[in-house]
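The values are calculated or read from the model by the stated rules, or taken from the named source; none is laboratory data. In this text the structure is predicted, and so the values were computed from the model without any measurement. A quick note on method: Cβ atoms are made from the backbone with ideal geometry, for glycine too, and the neighbour counts reach across all protein chains shown.
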Amino acid sequence: MQSEGLQSIDQAQTVNKELYEFKNKRVSIMNKLMPVVLFLCASVSVLTTIGIVFTLITETYQFFKQIPILDFLFGTKWSPLIPPKSFGVLPLLSGTLMITFIACLVAIPLGLASAIYLSEYAPKRVRKIIKPILEVLAGVPTIVYGYFALSLVTPLIQSLFDSAGVFNALSAGIVVGIMIIPMVSSLSEDAMSAVPRSLRDGAYALGATRFEVALKIVVPAAFSGIVASAVLAFSRAIGETMIVTVAAGSTPNMTVNPLDSIQTMTAYIVQVSLGDTPHGSIEYGSIFAVGMTLFVITFLLNILAQYIARKFREEY
Amino acid sequence: MNIFQDANRTQIAGRRRTDWLLHILFVVATSIGVIALCALIVDILIDGIARLQPDLFTNFPSRRAEGSGMKSALVGTIYMLLIMAPISFIFGVGAAIYLEEYAKKGKITRLIQLNISTLAGVPSIVYGILGLALFVRLLALDRSLIAGALTMTLLVLPIIIVSAQEAIRAVPKSRRDASFALGATKWQTVYRSVLPSALPGVLTGVILAMSRAIGETAPLVMIGALTYVAFLPEGLKDSFTVIPIQVYNWLSKPKVEFQELAASGIIVLLALLLLMNFSAILLRNKYQKNV
């Protein structure tokens, strides 16, 4: 009887031990396996970048076999669909830059003023209400802004200027500007909030007014962050697609008149992909060449913004 | 002496006036953004509210504005969310865990981190180009639901990774120490202690990224989400359309009736976004109370 009991205890112990070892083994396998799996997850982002660069380079290379790269970069006529075909990117570039310029003219002063108000003037209560509202502005889908431009801003501009068409750069530019206000204001405000209290207190103790503190103490101290936010906003405006597609028209046009209809690089890409362009055709290649131009410009601007923010930061 | 004092006083008064004037100016500048938002919402409500009828949700788009609806777009958006959410959650959170808990501080980690922040600044249409070349052509998924969802996943991944990293970083070190002290392995600690504690923050980020995705138009136009779809997608490889593309389609038609339809489509889109953002805020508030 007793020996049987002992035996079953022994058995139970071995079973338990096996179970324990099995569980332990599973735990240790998971422990060794998971870092690898997680690393693979993290590498998706790197693969995305490689994918983007690789796609753009190979397709653009095919395109440049047919159209000399210098004709593309310095040509002043963009007529990809109607013969005589011509692939000079400058009209698209000038259209893009005009939109971006108008947008920055709207967004940088307004965004910066909002940032100064929120960080230096506004009582806590007001700040708590205004900040989320501005953030909502950043979350509105761009197609909605496109509607806004077409149905409200364009008629307004047309009633002010007789020569303005249904599609014009000014309307699209202003609305892109409104869209990037929150970007300028929130990034600048972050930079201003990082300026230590003691600097402001010192200026106040010398009898400075709030405006003087803002202009002569806070803005210079946060300058790198403010410039970086402006560069990022610039880059965002260049890449903006739906507003310009809807409101700025589709006529590649080297003009300096903001009331004219123009076409941006992004709007051209949308125009071509809406049509049924066969794979391998020269129009199909042109969207990659234009996309490459767009990618390179925004990439360089983003790197510049990061460099400015890091390099010229005042440390306190 | 008196003269100096007077001069001083006028100077101070002048400076005070400048301060006051600029204060007004800053308030005005700030309110322009707020006013623009109000104008946008009022404009859309006025134009679109009349068309916000059951027809809009139960009918397919048609050539005539009367009785035209956005059933296929609404369903397409929801399907895309359902496919995209789990994929981007797994990859995004996985990457965040790796970067926060496992990665050794070194060149490769810095490169990945830099790469993620750069990707966040790439224009969305460039993702469309990638999607077109990679998913539509190379993997031969054609202009399908799955190609669209995968393209959008790549687009929102950087956003999810960054917000998940912040949430994981906010978990106090003492929690990890306690888990290790009980004999847990690294993975057990991460999975059973760190992740549950960071989950509300992670989910908030995921919801916000999803709300960014359902408003995106350009990349899906690129990969060829059809603008006129009079059927519901039944499989992953069916063609599809989403709300913003349907809106764009209506918007590009000159007739006033279609413009009104576009406005009502926008109302639906904004309502959906509001709902998602509201749930994200609720999550965040609950989370903040718990800590």
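Restricting to the stretch A:44-61, count the residues that are of a type in the set (S, T, N, Q) and surrounded by fewer than 14 Cβ atoms within 10 Å (Cβ to Cβ).
Here the count works out to 1.
Assigned by TED's automatic domain parsing to the domain that holds B:PRO172 and on the phi > 0 side of the Ramachandran plot: is that true of B:ALA140 in this structure?
Judged against the criteria, B:ALA140 is a match.
Specify the residue that is surrounded by the fewest Cβ atoms within 10 Å (Cβ to Cβ); the eligible residues are those in the stretch B:211-259 that are without any contact (Cβ under 8 Å) to a residue 60 or more places away in the chain and of a type in the set (D, E, K, R).
Looking at the filtered set, the residue picked out is B:GLU234.
Please give the number of the condition A:TYR307 fails out of (1) more than 11 Å from every other protein chain (Cβ to nearest Cβ); (2) touching a residue at least 24 places away in the same chain (Cβ under 8 Å).
Result: A:TYR307 fails condition (2) only.
Out of the stretch B:37-56, which residues are more than 10 Å from every other protein chain (Cβ to nearest Cβ), part of a helix (DSSP H, G or I) and in contact (Cβ under 8 Å) with a residue 40 or more places away in the chain? Outline the logic, then answer.
First, the residues of the stretch B:37-56 that are more than 10 Å from every other protein chain (Cβ to nearest Cβ): B:45, B:49-56.
Checking the rest, the ones that are also part of a helix (DSSP H, G or I) come to B:45, B:49-51, B:54-56.
The answer is B:LEU45, B:ILE49, B:ALA50, B:ARG51, B:LEU56.
Does B:ARG143 satisfy being among the charged types (D, E, K, R) and facing another protein chain (nearest Cβ under 7 Å)?
no
Only one of A:THR96, A:THR76 is of a type in the set (S, T, N, Q) and in a loop (DSSP other than H, G, I, E, B); which? Even if it seems obvious, please write down each step before you answer.
Numbers: A:THR96 fails: in a loop (DSSP other than H, G, I, E, B).
Being of a type in the set (S, T, N, Q) and in a loop (DSSP other than H, G, I, E, B) holds for just one of A:THR96, A:THR76, which is A:THR76.
Here's the yes/no breakdown for (1) buried (at least 23 other Cβ atoms within 10 Å of the Cβ); (2) of a type in the set (A, V, I, L, M, F, W, C); (3) within 14 Å of chain B (Cβ to nearest Cβ); (4) outside any helix (DSSP H, G or I):
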position: A:ILE82; (1), (2), (3), (4): no, yes, no, yes
position: A:PHE101; (1), (2), (3), (4): no, yes, no, no
position: A:ALA107; (1), (2), (3), (4): yes, yes, yes, no
position: A:ARG127; (1), (2), (3), (4): no, no, yes, no
position: A:LEU152; (1), (2), (3), (4): no, yes, yes, no
position: A:GLN158; (1), (2), (3), (4): no, no, no, no
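Is there any pair linking a residue in the stretch A:204-220 that is among the hydrophobic types (A, V, I, L, M, F, W, C) to one that is crowded, with 16+ Cβ neighbours inside 10 Å and outside any helix (DSSP H, G or I), with Cβ under 7 Å and at least six apart or on different chains, and which?
A:VAL218/A:VAL195
Can you tell me which residue within the stretch A:273-288, out of those that are closer than 22 Å to A:PRO91 by Cα and within 11 Å of chain B (Cβ to nearest Cβ), is surrounded by the most Cβ atoms within 10 Å (Cβ to Cβ)?
A:ILE287
Which one of B:ALA230, B:ALA213, B:ALA225 is more than 8 Å from every other protein chain (Cβ to nearest Cβ) and at pLDDT 90 or above?
One residue alone meets the criteria, B:ALA213.
Do we find a residue being under 30 Å from A:LYS128 (Cβ atoms), in contact with a helix residue (DSSP H, G or I) (Cβ under 9 Å, 6 or more places away or on another chain) and not hydroxyl-bearing (Ser, Thr, Tyr) anywhere in the stretch B:60-81? Give the derivation first.
As a first pass, look at the stretch B:60-81 and keep what is under 30 Å from A:LYS128 (Cβ atoms): none.
Checked against the condition, which is being under 30 Å from A:LYS128 (Cβ atoms), in contact with a helix residue (DSSP H, G or I) (Cβ under 9 Å, 6 or more places away or on another chain) and not hydroxyl-bearing (Ser, Thr, Tyr), the stretch B:60-81 yields no hits at all.
Would you confirm, using the coordinates I've provided, whether B:ILE207 is part of a helix (DSSP H, G or I) and either on the phi > 0 side of the Ramachandran plot or more than 10 Å from every other protein chain (Cβ to nearest Cβ) (or both)? Steps first, answer last, please.
Numbers: part of a helix (DSSP H, G or I): yes; either on the phi > 0 side of the Ramachandran plot or more than 10 Å from every other protein chain (Cβ to nearest Cβ) (or both): yes.
It is true that B:ILE207 is part of a helix (DSSP H, G or I) and either on the phi > 0 side of the Ramachandran plot or more than 10 Å from every other protein chain (Cβ to nearest Cβ) (or both).
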